[in-house]
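Notes follow the structure.
The values are calculated or read from the model by the stated rules, or taken from the named source; none is laboratory data. What you are looking at is a predicted structure, and each value in this text was computed from that prediction instead of being measured. Cβ placement follows ideal geometry from the backbone for every residue including glycine, while neighbour counts extend to all protein chains displayed.
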């Protein structure tokens, strides 16, 4: 997540950015400290109350608590493997992002089962690319950490895959068509 911040948010410290962290509960650490800037607003969202949770979502698939097109940056680390219907959640990511907004999602491609409360999925670059396309988001980068980095906490086991994507800046008829597609797609699945 630090690499994402350094590559995509470096030099934007004085911009007023609304940053949402999906799956923010501090179970084994959190990302809040990476996104501290006087101009940035960091909000942690999760399905249950806890440390580092500012908003408790009533549903992982319909975020009535967050306005459409209100988020500049959405981050999520080690949460998507615990979401049963992650493609529906990705549609909400696309809905809440502003035009030109970016998101970074990190989820494992490996590792042992770790229910919290469920452990449903592992993600590869092709899968994250397909997920971004499904939500009509433009892929900026996607990669998996296949090689060991000898992290002292043993996190090499997870072989994390990181997706960075952006909501396209559409205008006029293209914007209307894209909105209609997104609405229909979210109801058809």
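Got at least one residue in the stretch 144-156 being modelled with pLDDT under 95 and part of a helix (DSSP H, G or I)? Within the stretch 144-156, one or more residues are modelled with pLDDT under 95 and part of a helix (DSSP H, G or I).
Apart from one condition, residue 187 fits all of (1) outside any loop (DSSP other than H, G, I, E, B); (2) modelled with pLDDT of 90 or more; the exception is (2). A single member of 19, 45, 66 is farther than 22 Å from residue 139 by Cβ and touching a helix residue (DSSP H, G or I) at 6+ places or on another chain (Cβ under 6 Å), and it is 66.
Screening the stretch 157-172 for residues that are in a loop (DSSP other than H, G, I, E, B) and modelled with pLDDT of 95 or more and picking the one that is surrounded by the most Cβ atoms within 10 Å (Cβ to Cβ) gives 167.
Take the stretch 89-117 and flag every residue that is closer than 20 Å to residue 6 by Cα and within 10 Å of the chain's Cα centre (by Cα). Correct list: 102, 103, 104, 105, 106, 107. Whether any residue in the stretch 101-119 is exposed (fewer than 15 other Cβ atoms within 10 Å of the Cβ), free of Cβ contacts under 8 Å to residues at least 40 places away in the same chain and in contact with a strand residue (DSSP E or B) (Cβ under 8 Å, 6 or more places away or on another chain) is what I want to check. Scanning the stretch 101-119 turns up no residue that is exposed (fewer than 15 other Cβ atoms within 10 Å of the Cβ), free of Cβ contacts under 8 Å to residues at least 40 places away in the same chain and in contact with a strand residue (DSSP E or B) (Cβ under 8 Å, 6 or more places away or on another chain).
If only residues of the stretch 2-24 that are in contact with a strand residue (DSSP E or B) (Cβ under 8 Å, 6 or more places away or on another chain) and under 13 Å from residue 36 (Cβ atoms) are counted, the one that is modelled with the lowest pLDDT is 13.
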